[in-house]
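Since the structure comes first, as structure tokens, the remarks are kept for the end.
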Amino acid sequence: MATAFVFPGQGSQTVGMGKGFAEAFVPARDVFEEVDAALGEKLSDIIWNGPAETLTLTENAQPALMAVSLAVLRALETEAGLDLARDAVFVAGHSLGEYSALAAARSLTVADAARLLRIRGRAMQKAVPVGLAWVPWRR
């Protein structure tokens, strides 16, 4: 049987996500600290305490979801002995989840993934301002 790890895209975020992992597992907490340091701000505070409107902003949601994904993965590596190189045949992700998959496979560092997702999120947010939805047939 082949095992794949698939990471979520934007829309999966919720205030409080990952907080229990950070409280229970040092490697998970380390991921949040690494992301906070890479971004130069406490994204973890927004993730855990909101408000939801701030977390949902694309520039925050994208690195936040990656942080939670990697925090869970690091906890599994430490606590359950998971080794992606040994135990997984594939890693993949939906949209921003591709960056989580790259960081999980250690093709990108967590810090680099966080910075790239912040840039990507800001670019996407600028293209479609908050409150507007992109509709392909509307010009």
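The helix-only estimate of mean residue ellipticity at 222 nm for the chain, built from DSSP H runs of length n ≥ 4 each weighted as -39500 (n - 2.57), is -18500 deg cm²/dmol after division by the residue total. Alpha-carbon geometry of the stretch 22-83: the Rg and the Dmax are 11.8, 37 Å, given in that order. So what's the net charge close to I119: Lys and Arg +1, Asp and Glu -1, counting the other residues with Cβ under 15 Å from its Cβ? It works out to a net charge of +1. Taken over the stretch 82-122, the convex hull of the Cα atoms encloses 58 Å³ per residue.
Atom-type composition of the exposed protein surface of the stretch 21-139 places 58 percent of the accessible area on carbon and sulfur (1.4 angstrom probe). The share of C-alpha pairs in the stretch 1-50 whose separation exceeds 19 Å stands at 35 percent. Largest first, the three principal axis extents of the alpha carbons in the chain are 50, 33, 22 Å in whole numbers.
Provide the per residue accessible area, probe 1.4 Å, for the chain, rounded to a whole number of square angstrom.
Computed with neighbouring chains in place, this is 55 Å² per residue.
Peptide packing for 11-17, 80-86, 32-38 was compared via the average number of neighbouring C-beta atoms within 10 Å per residue; ordered from the highest value, the list is 32-38, 11-17, 80-86.
The values are calculated or read from the model by the stated rules, or taken from the named source; none is laboratory data. Computed from a predicted model, the values in this text were never measured in an experiment. Every residue, glycine among them, receives a Cβ derived from its backbone with ideal geometry; neighbour counts consider all protein chains shown. Please note that ligands, DNA and RNA were not included when accessible areas were found on the heavy atoms of the full protein model with its side chains. Shrake-Rupley method; radii C 1.70, N 1.55, O 1.52, S 1.80 Å.
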